[in-house]
Amino acid sequence: MSADLSPVIASTAQWLLRAYPATGGALDTALAQAQAQQAATVAAWLRYPTAADAALLTLVGPGGSERLDWLTGAEAVDATEPDEAWRSWVDEVVASWAACLLTVPVLADTAVAALTKTEHLAGLPLDFRRLTSPDARDRRAATLLRHPDLPAPIADLHRASLLHHLQDDDLNAACA
């Protein structure tokens, strides 16, 4: 994982899990967390494909979770509180793109394939199987996270920019 983007990836994945929690016990929570983490990683690497992009994000900050919280109907939280400081590292676009990846399998496959155009892979053998090929247990664990309708308000925020970023006409038709 890119050290420059790790706070954004971790915080955005945590936000996704709090907004759309796992439906079972500890194993389901771990499986849902892995899926959210993979989706946030792919989304962040696509959104900020170079070290310079990541450095700029670190300089200006990602924006926080306030709008996302409002859209999901969560209670207002003071991100300056020590236990809630992670919320300031949530990136709205990354959360939206991750929600798209979790709910549209063909989009996840295309996005993972597009990672080769980023600086983040650098020859690393990465496995995004929980995102791109979830088994029945993965799907059951992340029922809310992968539901096509529940995360739709978040996914719809920046779906068009993700599709534009991936520039795939067949994909645009499938996701329209």
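The values are calculated or read from the model by the stated rules, or taken from the named source; none is laboratory data. These figures come from a predicted structure and were not determined experimentally. Note that we place each Cβ from the backbone using ideal geometry, even for glycine, and neighbour counts take in every protein chain shown. The protein model used for the area step is the full one, side chains on, heavy atoms only, and it has no ligands, DNA or RNA in it. Shrake-Rupley method; radii C 1.70, N 1.55, O 1.52, S 1.80 Å.
Quick notes on this one:
- Members of segment 13-38 that are under 14 Å from Asp138 (Cβ atoms) and of a type in the set (S, T, N, Q): Thr23, Thr29, Gln33, Gln35, Gln37, Gln38
- Those residues of segment 18-44 which are among the hydrophobic types (A, V, I, L, M, F, W, C), in a helix (DSSP H, G or I) and more than 10 Å from the chain's Cα centre (by Cα), in sequence order: Ala19, Ala26, Leu27, Ala30, Leu31, Ala32, Ala34
- Boolean, Gln33 is in contact with a Ser or Thr (Cβ under 9 Å, 6 or more places away or on another chain), crowded, with 18+ Cβ neighbours inside 10 Å and farther than 18 Å from Pro62 by Cα: no
- Helices (runs of 4 or more DSSP H) fully within segment 47-103 counting 3 or more residues that are surrounded by fewer than 21 Cβ atoms within 10 Å (Cβ to Cβ) and modelled with pLDDT of 90 or more: 51-60, 66-72
- Flag if Ala10 is assigned to a helix (DSSP H, G or I), more than 20 Å from His120 (Cα to Cα) and either small (Gly, Ala, Ser) or open to solvent by 60 Å² or more (accessible area, probe 1.4 Å) (or both): no
- Of all residues in segment 100-113, those satisfying the criterion of being within 13 Å of the chain's Cα centre (by Cα) and touching a residue at least 60 places away in the same chain (Cβ under 8 Å) are Cys100, Leu101, Leu102, Val104, Leu107, Ala108, Ala111, Val112.
- For segment 144-158, filtering for residues that are outside any loop (DSSP other than H, G, I, E, B) and either among the aliphatic types (A, V, I, L, M) or at positive phi (or both) leaves 6.
- Taken over segment 107-125, the criterion of being assigned to a helix (DSSP H, G or I) and more than 19 Å from Leu157 (Cα to Cα) is satisfied by Asp109, Thr110, Val112, Ala113, Ala114, Leu115, Thr116, Lys117.
- Here is the figure for segment 150-176: residues that are among the charged types (D, E, K, R) and at pLDDT 95 or above total 2.
- Listed by first and then second residue, the pairs linking a residue in segment 114-133 that is open to solvent by 80 Å² or more (accessible area, probe 1.4 Å) to a residue that is of a type in the set (Ser, Thr, Tyr) and part of a loop (DSSP other than H, G, I, E, B), with Cβ atoms under 8 Å apart and 6 or more places separating them unless they lie on different chains, are Glu119/Thr50.
- When Leu157, Leu145, Leu162 are screened for being within 15 Å of the chain's Cα centre (by Cα), closer than 23 Å to Ala30 by Cβ, of a type outside the set (D, E, K, R) and buried (at least 18 other Cβ atoms within 10 Å of the Cβ), only Leu145 passes.
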